[in-house]
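Report on one structure; see the data block that follows.
The values are calculated or read from the model by the stated rules, or taken from the named source; none is laboratory data. Small disclaimer: the values here were computed from a predicted structure and weren't measured. As a convention, Cβ positions derive from the backbone with ideal geometry for all residues, glycine included, and neighbour counts pool all protein chains shown. In case anyone asks, the SASA skips ligands and DNA or RNA and just uses the protein heavy atoms, side chains included. Shrake-Rupley method; radii C 1.70, N 1.55, O 1.52, S 1.80 Å.
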Amino acid sequence: MEVKLMIVDDSLFMRKMLRGILEEDGYQVIAEAADGVEAVEKYRECRPDITTMDIVMPTKNGIEALTEIMALDSGAKVVMCSAIGQEALTQTAQAAGAKDFILKPFNPERVKEVIKRIAGA
Amino acid sequence: MDMSQYRELFVSESREHLNSINELIVALEKDAGDRETMDSLFRVAHSIKGMAASMEYGDIAELAHKLEDLMDRVRKGSLPFDGGAADLLLEGTDLLGAMIADVEQGVPSRRDTSDLVQRIINHQPKQSETPPGDIRKTVQPVAQTPPLSLPATPGQKGEGRQSNNDPSQTVRVKTDVLDRLINLTGELITNKYRIMSISSRLGSGNLDEACVELSKLLRGLHDEVLKVRLVPFAAIADRFPRVIRDLAKKSGKEIAFEVDGREIELDRGIVEELADPLIHILRNAVDHGIETMEERLAAGKSSRGSIRLAARREKEQMVITVEDDGRGMDPVKLIASAVEKGIIKQEEGWLLSPREALMLTCVPGFSTAREVTDISGRGVGMDAVKSAVKALGGNLLIDSTQGRGSRITLKLPLTISIIQALVVGCAHLKVAVPVINIIRTMELKRELITTEGKHKAFFMGEEAIPLVSLNRIFGLPLSHQSGEAVPVFVSEMKGRKVGLVVDRFIGQQEFFVKPLGRPLVKLKGLSGGAVLGNGEVLFILDVANLV
Amino acid sequence: MKSDETARYLVFVQRGALYALDLQDVAEVVEPPPTFPIPRAPAHFIGVMNFHGNLTTVLDLANLQDRGKFSTEGKVLVLDGRLANLAIWVDGVSAIIPAEAVQREPADEDDGLTAALLCSGADKIRLLALDRLLRRVEETIND
């Protein structure tokens with residue numbers, strides 16, 4: 001079965017890059033969102049299998065969006081994207097229900113590995 | 001992984017961020033405690049860092065990282081946002097801009113960032129501003145601030161800078177594709193006139209109908225193509241707060257700067273050409289318009305001057321104004337100065353209306369500056385501003401009240417490539433005059449023409465308008481028509497209204513303006529060429545630079 | 001590239017003498033096209049032509065050289081658009097020759113527009129210095 005993904009990041013550059021990495025492995029990116037508010041809305045609409053979630057974003061940050069998505073769907077699989085130095089935030093995110101995290105700048109192999117693991121879980 | 005495919009996106013997105021930094025810093029200087037602005041600045045630096053790191057541009061990532069840290073200290077309250085922090089941020093922005101330009105051009109970056117990086121790391125708030133007892137207070141918010149403190153405004157989607165567009169429904173298009181689109185549309189319009197001219201010869205009803213339909217479709221296409229070419233005025237206006245800030249700082253004046261109509265959309269071809277003229281006008285306003293604080297207080301004004309830049313759309317025109325509440329200009333002094341500089345004769349000076357006197361500032365060789373200052377002494381004068389505006393097919397007006405301030409108004413067409421123009425005939429020659437440059441057209445009755453020596457004129461209301469023959473300007477034989485009236489169009493040359501006499505008016509239509517290229521581009525008084533429906537080529541007149 | 005061995009020259013006739021242009025500087029050779037008057041242009045500008053949508057100035061080479069007026073029988077050499085929007089009206093086109101068929105020699109008498117002499121047997125062909133021609137044409141504008 002095809003795994004459907006949503007990418008949440010306020011940077012178009014980051015979204016396109018992540019999409020490029022994931023599509024290489026045959027994943028289907030069905031939605032992109034540029035901030036937390038949009039992420040929650042799109043999640044409600046398209047129910048992706050896996051969501052990658054940036055943390056620092058305007059209007060509603062990634063952790064808030066994660067919390068709302070988890071409230072919406074307790075089985076949601078959300079992977080946080082964080083930068084070095086945000087370790088404290090990733091802990092908060094894991095407590096809020098994030099399944100894993102990938103570090104920016106993206107290492108394509110690590111990204112694929114994490115998503116593969118989550119998809120198989 | 002091949003990252004080169006993301007390079008263009010990296011450059012354009014970083015640029016957008018950098019452009020917003022200037023604006024944010026100026027906003028934060030106005031309102032130092034504004035949480036949202038601080039967060040935005042932090043986010044911008046953070047985003048650039050992330051992208052640069054992905055692209056493996058280590059220097060850019062490091063510098064952006066340091067700027068991010070700086071902003072993090074500011075938003076967590078451990079560092080006040082003072083002039084020092086703002087200057088470091090601006091300096092960093094400029095350096096990042098240069099490095100990103102290197103990336104764009106594919107030049108390996110050899111810019112030294114280490115000095116700036118060190119200074120950012122070492123940056124400490126000025127001790128004098130925060131007595132020791134207060135430091136604890138300013139540090140304390142760290143504990144109060146939860147680890148993640150980004151503004152949450154649920155339900156207010158669309159307020160965020162990039163969040164109002166569904167990314168899956170927008171695409172980025174290269175600007176040269178947009179240029180080609182407008183060129184193709186222009187060629188189609190030219191060809192429409194060609195088909196229409198054949199159709200009128202054939203007298204076929206069906207073909208006529210098809211032509212009417214074609215016209216409608218082309219108008220639709222033209223409108224749509226223009227729409228994609230539109231960019232918000234903010235694309236250039238957002239640079240100006242920074243410019244004003246720097247200029248004001250240099251001249252020791254306090255200035256409140258406001259921009260209205262940032263969202264107004266303009267053709268990108270015009271926006272690009274407007275930046276320099278506007279910067280010059282703003283420079284003049286800071287340097288010559290706004291008085292020193294002492295002068296202002298003595299005149300009973302508030303010590304802080306104000307400059308307002310506004311863009312709005314008026315029918316088929318764009319109107320951009322720059323207003324200041326400074327000292328204004330004195331028409332009598334302007335005339336005296338122009339006479340002294342030999343730009344006009346004393347007798348001519350007497351004839352000038354106050355408004356015409358203001359336009360003297362746009363005559364080459366004229367400058368209202370009593371002394372050349374570092375600020376507006378360099379670069380172009382108002383004459384260059386005026387010719388830049390004219391080259392876009394626009395117009396420049398000046399209003400001023402002594403002691404109250406000045407207002408410069410730019411009227412511009414919505415697009416430069418396709419224009420409405422009136423075709424006039426002079427002997428065997430046909431030329432097109434952009435409608436935007438025409439104040440009035442008329443069939444002037446001969447008895448209304450007054451003659452004084454060699455000079456002819458007529459009255460438009462109270463105003464005496466000199467008459468000039470376009471045939472004479474072109475060195476063509478004068479036609480000696482015996483009719484009761486002569487065709488005249490009134491336009492502006494060197495800030496004065498002039499009636500241009502032609503042999504005949506042929507008609508008005510839209511033209512796709514073609515560049516003249518080498519060597520003809522050097523010929524004065526022409527701004528481009530166009531092709532008529534019958535294949536005839538004619539030239540577009542640059543009235544302001546005819547003589 | 002002038003040193004390129006595959007370079008070729010377009011040889012044309014002008015007032016009985018032979019001239020040449022680097023073939024790659026010429027976009028097309030056309031029959032005299034309709035031209036339209038240019039206001040206030042010097043007399044050696046015959047007018048402007050519509051060359052595939054590009055407005056191209058047509059230069060009367062004979063007039064520029066003070067050797068009369070263009071011949072209606074002539075040919076028009078449209079220059080590569082990257083150089084200029086210019087076409088040169090000449091008396092006639094004679095041949096296209098490979099660079100190795102001629103001996104390149106410095107110009108003997110300088111009329112200011114000759115880049116080199118191309119010698120082929122007894123024939124001496126003047127290679128037109130386009131850069132100088134363009135500059136001279138530009139200098140005459142707005143006089």
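Once you keep just the Cα pairs under 8 angstrom separated by 6 or more residues, what percentage relative contact order results for segment B:175-228? Please list the in-between numbers first.
Working: 21 pairs, mean separation 28.8, N = 54.
For segment B:175-228, the relative contact order is 53 percent.
Just counting partner chain Cβ atoms within 10 Å, what average do the residues of peptide B:509-517 show around their Cβ?
Counting Cβ atoms of other protein chains within 10 Å of each residue's Cβ and averaging gives 3.
How many Å² of accessible area per residue for chain B, probe 1.4 Å? Numbers along the way, then the final one.
Details: 26870 Å² over 547 residues.
Here the residues of chain B average 49 Å² of exposed surface.
Counting only protein heavy atoms, probe 1.4 Å: which residues of segment B:521-544 lose 30 Å² or more of accessible surface in the full assembly compared with their chain by itself?
Buried by the other chains: B:Lys522, B:Leu523, B:Lys524, B:Val537, B:Phe539.
Can you give the net charge of the other residues whose Cβ lies under 10 Å from the Cβ of B:Gly394, counting K and R as +1 and D and E as -1?
Details: positive: B:Lys386, B:Lys390, B:Lys411; negative: B:Glu273.
Residues close to B:Gly394 contribute a combined charge of +2.
At a probe of 1.4 Å, how much accessible area disappears from chains C and B on forming the pair, both sides counted, to the nearest 100 Å²?
Using a 1.4 Å probe, the pair buries roughly 2100 Å².
Using each residue's phi in segment B:434-446, evaluate 6.51 cos²θ - 1.76 cosθ + 1.60 at θ = phi - 60° and report the 3J(HN,Hα) Karplus result to the nearest Hz, with x for Gly and Pro.
Computed from phi, the couplings for segment B:434-446 are x, 4, 5, 8, 9, 7, 7, 10, 7, 9, 8, 5, 4 Hz.
Counting only other chains, and only Cβ atoms inside 10 Å, what mean value do you get across the residues of C:46-56? Please list the in-between numbers first.
Numbers: counts 0, 1, 6, 1, 7, 0, 0, 7, 5, 12, 5.
Average per residue, whole number: 4.
Determine the residues within segment A:85-121 where the difference in accessible area between the chain on its own and the full set of protein chains amounts to at least 30 Å²; count protein heavy atoms only and use a 1.4 Å probe.
Listed in order, they are A:Leu89, A:Pro105.
Taking a ≥ b ≥ c as the square roots of the eigenvalues of the Cα gyration tensor of chain A, is the shape rounded (a/c under 1.5), prolate (a/b larger than b/c) or oblate?
Cα axes put chain A in the rounded bin.
Return the loop-located GluC sites (Glu not before Pro) in segment B:415-497 (DSSP other than H, G, I, E, B) with at most 10 other Cβ atoms within 10 Å of their own Cβ; answer none if there are none.
Those satisfying the criteria are B:Glu462, B:Glu484.
First select every other residue whose beta carbon is under 13 angstrom from the beta carbon of B:Leu181; then total the charges, Lys and Arg +1, Asp and Glu -1.
Numbers: positive: B:Lys174, B:Arg180, B:Lys227, B:Arg229, B:Arg268; negative: B:Asp176, B:Asp179, B:Glu187, B:Asp223, B:Glu224, B:Asp267.
Summing Lys and Arg as +1 and Asp and Glu as -1 gives -1.
Taking θ = phi - 60°, what integer Hz values does the Karplus form 6.51 cos²θ - 1.76 cosθ + 1.60 yield along segment B:181-190, in sequence order, with x for Gly and Pro?
Working through the residues one at a time gives 4, 5, 5, 5, 4, x, 4, 4, 5, 4 Hz.
Sort chain B into rounded, prolate or oblate with this rule: let a ≥ b ≥ c be the square roots of the eigenvalues of the Cα gyration tensor; rounded if a/c is under 1.5, and if a/c is not under 1.5, prolate when a/b is larger than b/c, oblate otherwise.
oblate
List, in order, the whole-Hz ³J(HN,Hα) value for each residue of segment B:217-225 obtained from phi through the Karplus relation with A = 6.51, B = -1.76, C = 1.60 and θ = phi - 60°; use x for Gly and Pro.
4, 5, 4, x, 4, 4, 4, 5, 5
Efficiency by 1/(1 + (r/R0)^6): what FRET value for C:Val30 and B:Ser109, r their Cβ-Cβ distance, R0 = 41 Å, to the nearest 0.05?
Details: r = 49 Å, r/R0 = 1.19.
After rounding, the FRET efficiency stands at 0.25.
Expressed as a whole number of Å, what is the distance separating the alpha-carbon centroids of segment B:245-297 and segment C:1-61?
So the separation of the two Cα centres works out to 48 Å.
B plus A alone minus the pair: what accessible area, both sides summed, probe 1.4 Å, in Å² to 100? Don't jump to the answer; show the numbers that get you there.
Numbers: alone 29240 and 5920 Å², together 32470 Å².
Summing both sides, the interface buries roughly 2700 Å².
Return the loop-located GluC sites (Glu not before Pro) in segment C:62-143 (DSSP other than H, G, I, E, B) with at most 14 other Cβ atoms within 10 Å of their own Cβ; answer none if there are none.
Passing both the DSSP loop test and the Cβ count: C:Glu73, C:Glu109.
Using Cα pairs closer than 8 Å and at least 6 residues apart in sequence, work out the relative contact order for segment A:4-109, in percent. Could you put the intermediate results ahead of the total?
Details: 183 pairs, mean separation 25.5, N = 106.
24 percent.
With all protein chains present, how much of the accessible area of the protein assembly as shown (probe radius 1.4 Å) comes from carbon and sulfur, to the nearest whole percent?
C and S fraction of accessible area: 51 percent.
Give me a single rounded figure for A:12-21: the average over its residues of other chain Cβ atoms within 10 Å of their Cβ.
6
Mind pulling up the Rg/Rh value for chain C? Radius of gyration and Kirkwood radius, both on Cα.
Details: Rg = 14.8 Å, Rh = 15.5 Å.
Over the Cα atoms of chain C, Rg/Rh equals 0.95.
Considering the options B:Ile120, B:Ser54, B:Ala86, tell which one lies farthest towards the positive end of the dipole of chain B, charges being +1 on Lys and Arg and -1 on Asp and Glu at the Cβ, about the Cα centre.
Value: B:Ala86.
Kindly provide the trypsin sites (Lys or Arg not before Pro) of segment B:172-214 that DSSP labels as loop, not H, G, I, E or B, and whose Cβ sees at most 16 other Cβ atoms within 10 Å.
Sites meeting the loop and neighbour criteria: B:Arg172, B:Lys174.
Where Lys and Arg each count +1 and Asp and Glu each count -1, what net charge lies around B:Pro364 among other residues with Cβ under 12 Å from its Cβ?
Around B:Pro364, the surrounding residues sum to +2.
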